[in-house]
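Here the structure comes first, spelled out in structure tokens, and everything after it is commentary.
The values are calculated or read from the model by the stated rules, or taken from the named source; none is laboratory data. Treat the numbers as computed from the prediction; the structure is a model and nothing was measured. Note: ideal-geometry Cβ built from the backbone for every residue, glycine included; neighbour counts use all protein chains shown.
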């Protein structure tokens with residue numbers, strides 16, 4: 001009940017004057033719990049072009065923040081009227097502003113433990129550049145450490161359209177172990193790595209995998225998932241690990257890389273060899289010490305085949321659903337519930353059939369989760385797996401209603417309309433990721449272009465009203481870069497440039513953005529708390545390096561963030577906003593870490609070196625490097641765009657233009 005004092009305080013707020021608009025006031029007072037003191041913001045961001053995603057207040061120029069949440073959203077005049085003597089004011093310089101991006105499926109906890117150990121080829125567009133990075137890293141990596149390239153890339157992104165050969169890796173690293181993971185289909189190990197892991201002609205074949213061998217039976221260094229990726233996980237797990245303090249440093253650097261790309265929140269889907277609670281000690285320490293710069297909700301992933309039921313009985317009795325804080329908390333079970341339901345997504349291999357014991361094992365676990373009101377997520381690539389899992393969910397629902405439990409499938413590349421309808425009827429959701437941006441070429445090679453046109457059918461899911469959101473599934477089968485995902489949904493193209501989807505199956509930019517913001521909130525059971533720039537929601541926002549809504553489509557994947565704010569705190573700043581950065585980090589540890597040199601996506605730490613061919617669209621690079629003396633009055637040195645255009649001379653805004661195009665003369 002609102003006290004007389006609070007009522008008078010609210011009335012005083014209304015009396016702040018006509019300068020305070022009705023929308024901003026209404027947002028402050030909508031609970032009837034504000035006082036004059038309560039309504040004085042700690043920080044105001046003004047003079048921006050803010051896309052709020054709030055249907056009632058879609059655009060604004062300023063926001064007021066207090067206690068980590070948006071206090072009010074409106075015009076500069078409205079919001080500045082709230083400022084007190086201690087309010088900090090930040091000028092957004094008319095830049096575009098978006099809600100912070102929220103990844104529905106990633107592996108930050110595991111990825112953070114190893115980030116400083118890994119040479120990232122994410123976004124590197126030339127194999128020659130990638131191999132030069134490898135050569136340089138080998139030169140400074142001390143024994144017995146490995147050089148690891150652990151996913152996040154595909155050979156299709158390279159202009160050469162191939163992986164290195166094992167001979168090429170051995171040539172640059174004759175003595176230092178090198179482990180190179182390509183998606184979850186294969187790993188390449190040089191001779192030193194084979195010696196380090198102990199694989200010989202006597203090593204038995206792994207179940208569902210293959211150690212390729214020469215004519216004498218000796219391992220060649222090529223490991224294949226067929227399609228079970230366990231041989232890849234298990235081999236990587238044999239490598240040296242960082243000490244605890246270094247893992248803390250590594251995780252902070254990974255979170256900063258995510259902040260640099262505009263990510264303010266994630267749902268962590270667990271992972272193989274990621275044991276709870278042991279492997280959560282680092283992230284728990286950061287949460288306890290207030291050093292989280294990415295909000296993280298985590299799901300618990302079973303670790304031992306045939307012991308899944310015991311895992312979840314133990315966890316549901318010791319872990320309370322949603323325990324934690326707004327920065328680090330529990331989010332349920334998955335993405336692995338039972339190993340018998342894991343349909344690995346290696347599109348180079350035939351679709352795997354799940355074993356007959358799948359339903360019985362899955363039902364045991366789902367009943368435990370439903371009884372404890374724990375949401376779950378289930379990895380499922382193929383509709384055949386989804387159909388069988390839905391049979392189980394529907395059976396459990398007859399005894400234990402699933403209403404109100406925010407459960408969902410992950411991935412769902414080949415889901416059918418019938419399965420979408422069944423999910424909607426049960427109140428579930430679908431979390432999609434941009435795996436096809438990395439594996440689309442392989443899917444088309446196996447199943448054909450027509451079959452790939454709706455993989456997954458995101459637009460149809462939205463039309464049917466099912467809960468659906470987007471993410472990455474980083475850091476191995478895809479990169480952690482959210483803009484690649486947004487570009488994939490808008491353009492329908494793989495990172496290798498293959499167009500997968502017809503225009504009718506693509507999303508407009510606002511819908512794609514909602515898939516990465518407000519839509520994700522249902523999957524963490526935080527609807528109304530995050531995903532929009534709206535009074536009462538978490539104060540998470542970003543200023544993209546360019547305007548997301550107006551950049552050419554081929555530039556979307558190259559966007560970064562110049563300002564990232566989480567809970568009202570500036571956790572990343574670049575360019576004009578660099579002085580605002582409130583998140584200084586010590587150097588990456590150890591001192592030979594690839595992160596010190598190359599930083600992250602696209603080797604952005606060396607814009608004139610390793611990253612020189614990877615940080616802008618090819619046409620922009622060509623224009624920047626053009627040495628001709630014929631700068632066109634309409635296209636500058638971007639002659640390629642003009643040459644590729646039609647030439648409707650009657651259209652003054654097109655090829656020839658009002659000033660005339662002189663690209664033809666180059």
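Annotations for the structure displayed:
- Considering 223, 163, 181, the condition of being in the same structural domain as residue 139 (by TED's automatic domain parsing), in a strand (DSSP E or B) and either loosely packed, with under 13 Cβ neighbours inside 10 Å or within 26 Å of the chain's Cα centre (by Cα) (or both) is satisfied by 181 alone.
- Test: residue in segment 460-475 that is in contact (Cβ under 8 Å) with a residue 40 or more places away in the chain, crowded, with 23+ Cβ neighbours inside 10 Å and on the phi > 0 side of the Ramachandran plot: yes
- Test result for residue 386, at pLDDT 95 or above, over 30 Å from residue 557 (Cα atoms), in a helix (DSSP H, G or I) and touching a helix residue (DSSP H, G or I) at 6+ places or on another chain (Cβ under 9 Å): yes
- Near pairs, Cβ below 6 angstrom, 6+ apart or cross-chain, from segment 303-324 (at pLDDT below 95) to any residue that is in a loop (DSSP other than H, G, I, E, B): 303/275
- Test for residue 345: is it under 20 Å from the mean Cα position of the chain (by Cα), at pLDDT below 95 and assigned to a loop (DSSP other than H, G, I, E, B): yes
- Test set (1) crowded, with 19+ Cβ neighbours inside 10 Å; (2) part of a loop (DSSP other than H, G, I, E, B) - residue 543 fails condition number: (2)
- Of the residues 342, 389, the single one that is touching a strand residue (DSSP E or B) at 6+ places or on another chain (Cβ under 7 Å), in the same structural domain as residue 448 (by TED's automatic domain parsing) and within 19 Å of residue 228 (Cα to Cα) is 342.
- Within the span defined as segment 557-571, one or more residues are touching a helix residue (DSSP H, G or I) at 6+ places or on another chain (Cβ under 6 Å) and part of a helix (DSSP H, G or I).
- Residue within segment 498-510 that is out of contact with any strand residue (DSSP E or B) (no Cβ under 8 Å at 6 or more places or on another chain), farther than 23 Å from residue 429 by Cα and free of Cβ contacts under 8 Å to residues at least 12 places away in the same chain present: yes
- Residue 510 being farther than 24 Å from residue 602 by Cβ, within 20 Å of the chain's Cα centre (by Cα) and part of a helix (DSSP H, G or I): yes
- Residue in segment 310-323 that is surrounded by fewer than 17 Cβ atoms within 10 Å (Cβ to Cβ) and in contact with a helix residue (DSSP H, G or I) (Cβ under 7 Å, 6 or more places away or on another chain) present: yes
- For segment 434-457, the criterion of being assigned by TED's automatic domain parsing to the domain that holds residue 271, over 30 Å from residue 158 (Cα atoms), crowded, with 16+ Cβ neighbours inside 10 Å and over 22 Å from the mean Cα position of the chain (by Cα) is met by none of the residues.
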